[in-house]
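The next block holds one structure in the form of structure tokens; read it before the comments.
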Amino acid sequence: MKVDINTKMITLIGTPLGQSFAARMQNKGYEAAGLNMLYFYTEADNEHLQEIVNGIRYMNFAGFAVTKPNKVKVMEYLDELDPLCEKMGSSNTVVITPDKKLVGYNTDGSGFYISITEQGIQPDQCVFFCFGGGGVGRAMCSILAYHGARKIYITDLFEDSAKALVADINKNFAPVAEFVKFGDFSKVAACDVVMNASGVGMGKSQGQTPLPVEYIKPTQFYFDACYNPAKTQFLINAEAKGCKILNGLDMSLYQGVAQIELWTGKKAPSDAMKQELLDILEGK
């Protein structure tokens, strides 16, 4: 694409980002829609997040995206929050208004919800177990509670994160969440859907899984928010036991579609974006 003085920038802030397909997917969407925009990466954690956010506010940006480990912390530096985003306590999408206000949204939740309901999962009929109480886990569990999940068990290596998420869900949505001490797998057997939002299985932890294989039941549905690799060890083990599995590719697609529509006010070219993701997976 041609970059000129009118090009609107979008950056993804987080770390690690080497596994992300977001830039190719988003830039293909801009190209297909005829948008003069450019999406790129800014690898950073909480340490300099405030300075980065404040700088973006005064530059030629339409907004920015946020990923692990910044989705919760970034909310401290925003001017306004979408009501559902505020209840979730996590933001992955920020829109810059014409008067330079930063408005936070969360499209992870809607992207996740669309992706699992397409697979026949009906939250109001299911019990869920979630590994990970950080930003993506917050979005996933919160949207499940919003849509009537029967029960959600949440665990995290950082127990304070899981406990805070449980408290927020029970206060802001419905009293359906329960904290599980990390390493306690006794509740997994009672669950219909088991989710990995911990990041274990991607990047430097590729080949690892948060759940020992002996706790997997063939009647369960397994979801991993990771999509690179396409099958984490968490999903490989579940598939070998006969479970239906789903990675985070469609979640990434649908949340990205929602982001473009928030940043531009125009309908996103979802077919072109999905084809780009499929091309990446095929090594094109």
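The values are calculated or read from the model by the stated rules, or taken from the named source; none is laboratory data. Predicted, not measured: the structure shown is a model, and the values here were computed from it. Here the Cβ positions follow ideal geometry from the backbone for every residue, glycine too, while neighbour counts run over all protein chains shown. Accessible surface is based on the protein model in full, side chains and every heavy atom, while ligands, DNA and RNA are left aside. Shrake-Rupley method; radii C 1.70, N 1.55, O 1.52, S 1.80 Å.
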Review point. If you take the C-alpha gyration tensor of the stretch 134-284, multiply each eigenvalue by 5 and take the square root, what semi-axes do you get, largest first, in whole Å?
Key: 26, 22, 13
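Please calculate how many Å² of accessible area the chain carries per residue, with a 1.4 Å probe and no DNA, RNA or ligand atoms counted.
Working: 12540 Å² over 284 residues.
Spelled out: the 1.4 Å probe surface of the chain, per residue, equals 44 Å².
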Review point. Taking the simple approach of a point 7 Å from Cα along Cα-to-Cβ for both residue 272 and residue 174, what is their distance in nm?
Key: 3.9 nm
Exercise for review: Output the relative contact order of the stretch 1-125, whole-number percent, from Cα pairs under 8 angstrom with separation of 6+ residues.
Suggested key: 23 percent
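How high is the relative contact order of the stretch 107-214, given as a whole-number percent (alpha carbon pairs under 8 Å, six or more residues apart)?
Numbers: 164 pairs, mean separation 32.0, N = 108.
So the answer I get is 30 percent.
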Review point. On full extension of the chain, what length is gained from residue 48 through residue 261, given 0.36 nm per residue of separation minus the C-alpha to C-alpha distance?
Key: 73.9 nm
Revision key, fill the gap. For the stretch 41-149 (alpha-carbon point model, no solvent) the Debye-based log₁₀ I(q)/I(0) at q = 0.10, 0.22 Å⁻¹ works out to -0.31, -1.13
Practice item. Could you tell me the distance between the Cα centroids of the stretch 132-210 and the stretch 32-89, to the nearest Å? Key: 24 Å
**Study point:** Relative contact order (%) - criterion: Cα under 8 Å, at least six apart; region: the chain
**Key:** 17 percent
Check your understanding: Counting only protein heavy atoms and using a 1.4 Å probe, what share of the accessible area of the stretch 159-284 belongs to carbon plus sulfur, as a whole percent?
Key -> 51 percent
Review point. Considering the chain, what Rg and Dmax in Å follow from its alpha-carbon atoms?
Key: 18.3, 57
Study note, to complete from the structure: Comparing 60, 237, 247 in a Gaussian network model of the chain (Cα, 10 Å), the one with the largest mean-square fluctuation is 60
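Counting every Cα pair in the stretch 150-209, what percent are over 20 Å apart?
30 percent
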**Study point:** Reach of residue 8 by Cα under 30 Å, taken over lysines that are not fewer than 8 positions away in the same chain
**Key:** 28, 68, 71, 73, 87, 100, 101, 266, 267, 274, 284
Exercise for review: With a point put 7 Å past each Cα toward its Cβ, work out how far residue 150 is from residue 86 in nm, to one decimal.
Suggested key: 3.4 nm
Review point. Could you list, bin by bin from short to long, the percent of Cα-Cα pairs of the stretch 26-76 in 10 Å steps?
Key: 21, 49, 26, 5
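In whole Å, what three semi-axes, largest first, describe the equivalent ellipsoid of the stretch 75-128 built from its Cα gyration tensor (square root of 5 times each eigenvalue)? Don't skip to the end; give the middle numbers.
Details: eigenvalues 168, 26, 9 Å².
Square roots of five times the eigenvalues give 29, 11, 7 Å.
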Check your understanding: In nm, to one decimal, how far is the residue 19 label point from the residue 58 one, both placed 7 Å along Cα→Cβ?
Key -> 3.7 nm
Study note, to complete from the structure: If R0 = 35 Å, then residue 125 and residue 206, at their Cβ-Cβ distance, give a FRET efficiency to the nearest 0.05 of 0.55
Check your understanding: Going by alpha carbons, how many degrees (0 to 90, nearest 10) lie between the helix axis of 108-117 and the longest principal axis of the chain?
Key -> 50 degrees
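Counting only helical runs of four or more DSSP H residues, what would the 222 nm mean residue ellipticity of the chain come to if each run contributes -39,500 (n - 2.57) and the total is spread over all its residues? Walk me through the numbers on the way to the answer.
Values: 9 runs with 99 residues, N = 284.
The per-residue figure over the chain is -10500 deg cm²/dmol.
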